[in-house]
Amino acid sequence: MSRLRIFADSEPGAALLSTRDHAAMAAELATIGVGFEQWEASAPVAPGDSPETILAAYRDDIDRLVAERGFKSVDVVSIAPDNPNREEMRAKFLDEHFHKEDEVRFFVAGSGLFTLHVGDRVYEILCEQGDLVAVPDGTTHWFDMGPEPSFVAIRFFTEPDGWVGHFTGTDIAQHFPRYEPSHQ
């Protein structure tokens, strides 16, 4: 089940808040400008389905978000535990970075851990099936898909070159828990 934990950035071992309540998560994240929503498919979907089938199952929510935020492209990414490039893919997102566009992801299946660094707080968001997270541009964060990644996500972009990370060079992400799905 989805979870939000908040830490002081100097105390990675002591959560100031921990909740699995979706409404409480959305309210807390809204205070820092982060969107958190729950979506349901209009038709059954599963990992392995075509991108067209997946997009069709969430068409109403996708169209609403594109209209509200002006996204130029939407795609589906699927990563399985047996992906031969999983270690390189995981490593790409583990250090603190930001983007010059909002990072919006919807989890069709599977899970991942978004961790945001805002002011002197760290917001750890465990995203699972049905969760949409919208991280505003300029927000420093990192993402961990775990050692055996397993997720299908819909991604939204405003820039034609897609995902471009601007790394901060700090080591803060190394001080906070990594994503180990069996321990969540």
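The values are calculated or read from the model by the stated rules, or taken from the named source; none is laboratory data. None of the values given here were measured: they were computed from a predicted structure. All Cβ positions, glycine included, derive from the backbone under ideal geometry; neighbour counts span all protein chains shown.
Looking at the structure I just gave you, is GLU37 on the phi < 0 side of the Ramachandran plot and over 17 Å from the mean Cα position of the chain (by Cα)? Against the criterion (on the phi < 0 side of the Ramachandran plot and over 17 Å from the mean Cα position of the chain (by Cα)), GLU37 does not qualify. The single condition from (1) over 12 Å from the mean Cα position of the chain (by Cα); (2) of a type in the set (Lys, Arg); (3) under 19 Å from ARG90 (Cα atoms) that ARG121 fails is (3).
Within segment 105-119, being aliphatic (A, V, I, L, M) and surrounded by 20 or more Cβ atoms within 10 Å (Cβ to Cβ) holds for VAL108, LEU113, LEU116. Segment 68-144 holds strands (runs of 3 or more DSSP E) entirely within its bounds, and those carrying 1 or more residues that are in contact with a Pro (Cβ under 8 Å, 6 or more places away or on another chain) and closer than 24 Å to ASP49 by Cα map to 73-79, 103-118.
Every condition in (1) assigned to a loop (DSSP other than H, G, I, E, B); (2) in contact with a helix residue (DSSP H, G or I) (Cβ under 6 Å, 6 or more places away or on another chain) holds for PRO177 except the one numbered (2). Of the residues that sit in segment 77-104 and are aliphatic (A, V, I, L, M) and at pLDDT 95 or above, which one is surrounded by the fewest Cβ atoms within 10 Å (Cβ to Cβ)? Here the answer is LEU94. Of all positions in segment 50-57, at least one carries a residue that is under 18 Å from the mean Cα position of the chain (by Cα) and either β-branched (Val, Ile, Thr) or farther than 16 Å from PHE107 by Cβ (or both).
Elements of the type strands (runs of 3 or more DSSP E) sitting completely within segment 1-55 and holding at least 2 residues that are in contact with a His (Cβ under 9 Å, 6 or more places away or on another chain) and surrounded by 11 or more Cβ atoms within 10 Å (Cβ to Cβ): these cover 35-38.
Of the numbered conditions (1) under 21 Å from MET25 (Cα atoms); (2) crowded, with 21+ Cβ neighbours inside 10 Å, VAL152 fails exactly one; give the number of that condition. With respect to (1) under 21 Å from MET25 (Cα atoms); (2) crowded, with 21+ Cβ neighbours inside 10 Å, VAL152 is out only on (1). Collect the residues in segment 134-149 that are surrounded by fewer than 16 Cβ atoms within 10 Å (Cβ to Cβ) and either in contact with a strand residue (DSSP E or B) (Cβ under 8 Å, 6 or more places away or on another chain) or among the basic types (Lys, Arg) (or both), keeping them in residue-number order. ASP137, GLY138, listed by residue number.
The requirement of being under 17 Å from the mean Cα position of the chain (by Cα) and β-branched (Val, Ile, Thr) is satisfied by VAL104.
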